[in-house]
Amino acid sequence: MRRSLTLLLLALLALAGAAAVVWALNVRDEPDVSGPASAAPPDASQVARGAYLARAGNCMACHTARGGEPYAGGRSIETPFGAVHTSNLTPDAQSGLGNWSAAQFWRAMHNGRSRDGRLLVPAFPYTSFTQITREDSDALFAYLRSLPPVFQPNQPHALRFPFDSQAALAVWRALYFKPAAYAPQAARSAEWNRGAYLVQGLGHCSACHSARNALGATTGGLDLAGGLIPMQNWYAPSLTSPHEAGVADWPIQDIVSLLKNGVSARGSVAGPMAGVVLGSTQYLSASDLEAMAQYLKDLPPSAARAPSPAVAQAPSGTAPAVGAKLYEQHCAQCHGKNGEGVAGAYPALAGNRAVTMPQTANLVQIVLNGGFAPATEGNPRPYGMPPFVLVLSDADIAAVLTHLRQSWGNQAGGVTALDVNRIRANQGR
């Protein structure tokens, strides 16, 4: 697969030729960055706004290494093309943003270029951040300038050839990127436009909730139709499908509660989304959460999926019967004999679309590794799921998950031991 990707990109380079590379490297919507870095202390109100925006963008999650200083970078992020190391955002003059100007920072956010003009790898989601206003970029920069400087030199990326070259990035940008600030839709309300701005731009939700092609570009732009998160083996479900994570039929307050508390009357978050709530959305204002909820609620629905045919009751001793027995031994105490769950504690499995959606990676992840909803002000002591990675075999997990997907009215395809093994084998990568 990796060899195929390399050959594909080399072919693109050959086909595009020097003209395409030069065109992509040309300045497009380039701001003036000739001014010096500002020595004036940032305005307090601007810093406070920037701190809020940093929360909204969950910047610290990527730009802080485990056990490291906040925003000092150094976190390694695995991609299908090699490892990317996040940069130091503190105002250290040697290794951070100390010598940057607000215009140079804006160019990085809006145009995906570093202080010296080099093209940035799109693991930094400038394809979404390009929509951020200059005012918000300046506020975010003012906040980062207010942080204690930390000397921590940036590590070079460990991308494989040819993905480590500026020429490859130029071709990628020619194909998949064009700077574009968010343009409010006149036919929509101010609340809807604010929600769209947060979801599409600073929140960069499409970075996870959209599928990616062989070169790592989102295939549907900002469609939010779901996608497998590269290298993490988690599936970010479609926000447009009523069979996955669409919220068109949810009350606004249930959507707000999910983003604010990690739990609501209609569902709860787990996996990578739990981290988003923990570090980001729980701190947003009520008005911003309601705006995001309104935008998500109004997303155009994707085509409905036809239900699977009903599954007949399996005789004793067959694989489905084994799954039923394993469920009784390990799951029924919390989730109920008939998958009814316990309100406010353990989710119901009967009629749960997280159980029945076609992509089963999340189910396997939860059973293997367990998980908790995030600890938030509205849910300070979340109930959790214990890991079964050392308790159940691949075949056991496949059997019990197939039982969940085909019981109590659930109608979905089975899970195989190979499905489980693929996830288990990639743990820790």
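The values are calculated or read from the model by the stated rules, or taken from the named source; none is laboratory data. Being a predicted model, the structure only gives us computed values, none of them experimental. Positions of Cβ are generated from backbone atoms using ideal geometry, with glycine treated the same way; all protein chains shown enter the neighbour counts. Please note that ligands, DNA and RNA were not included when accessible areas were found on the heavy atoms of the full protein model with its side chains. Shrake-Rupley method; radii C 1.70, N 1.55, O 1.52, S 1.80 Å.
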Qualifying positions in the stretch 326-360 - within 21 Å of residue 247 (Cα to Cα) and either touching a Leu at 6+ places or on another chain (Cβ under 6 Å) or in a helix (DSSP H, G or I) (or both): 349, 353, 354, 355, 356
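Pull up the stretch 185-239, narrow it to residues that are among the β-branched types (Val, Ile, Thr) and touching a strand residue (DSSP E or B) at 6+ places or on another chain (Cβ under 9 Å), then point me to the one that is nearest to residue 163 (Cα to Cα).
It comes out as 218.
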Residues of the stretch 249-270 classified as open to solvent by 30 Å² or more (accessible area, probe 1.4 Å) and in contact with a helix residue (DSSP H, G or I) (Cβ under 6 Å, 6 or more places away or on another chain), total: 4
Unmet requirement for residue 124, which otherwise passes all of (1) over 18 Å from residue 204 (Cβ atoms); (2) at pLDDT 95 or above: (1)
Only listed residue being touching a Leu at 6+ places or on another chain (Cβ under 6 Å) and open to solvent by 20 Å² or more (accessible area, probe 1.4 Å), chosen from 185, 166, 232: 166
Residue 227 being at pLDDT below 95, of a type outside the set (D, E, K, R) and in contact with an Asp or Glu (Cβ under 9 Å, 6 or more places away or on another chain): no
Set 278, 296: member being among the hydrophobic types (A, V, I, L, M, F, W, C), open to solvent by 50 Å² or more (accessible area, probe 1.4 Å) and in contact (Cβ under 8 Å) with a residue 24 or more places away in the chain: 278
Hits in the stretch 188-204 - residues which are part of a loop (DSSP other than H, G, I, E, B) and either open to solvent by 30 Å² or more (accessible area, probe 1.4 Å) or in contact with a His (Cβ under 8 Å, 6 or more places away or on another chain) (or both): 188, 189, 204
Per-region count, the stretch 257-275, residues free of Cβ contacts under 8 Å to residues at least 24 places away in the same chain and among the hydroxyl-bearing types (Ser, Thr, Tyr): 1
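It is to be established whether one or more residues within the stretch 207-225 are in a helix (DSSP H, G or I), hydrophobic (A, V, I, L, M, F, W, C) and either touching a residue at least 60 places away in the same chain (Cβ under 8 Å) or open to solvent by 50 Å² or more (accessible area, probe 1.4 Å) (or both).
Checked the stretch 207-225: at least one residue is in a helix (DSSP H, G or I), hydrophobic (A, V, I, L, M, F, W, C) and either touching a residue at least 60 places away in the same chain (Cβ under 8 Å) or open to solvent by 50 Å² or more (accessible area, probe 1.4 Å) (or both).
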The stretch 373-393: number of residues that are surrounded by fewer than 17 Cβ atoms within 10 Å (Cβ to Cβ) and either closer than 20 Å to residue 264 by Cα or aromatic (Phe, Trp, Tyr) (or both): 7
Among (1) hydrophobic (A, V, I, L, M, F, W, C); (2) farther than 26 Å from residue 134 by Cβ; (3) in a helix (DSSP H, G or I), the one test that residue 239 misses: (3)
Residues satisfying the stated conditions in the stretch 335-363, i.e. farther than 22 Å from residue 277 by Cα and either among the hydroxyl-bearing types (Ser, Thr, Tyr) or open to solvent by less than 30 Å² (accessible area, probe 1.4 Å) (or both): 335, 336, 339, 341, 349, 356, 357, 360
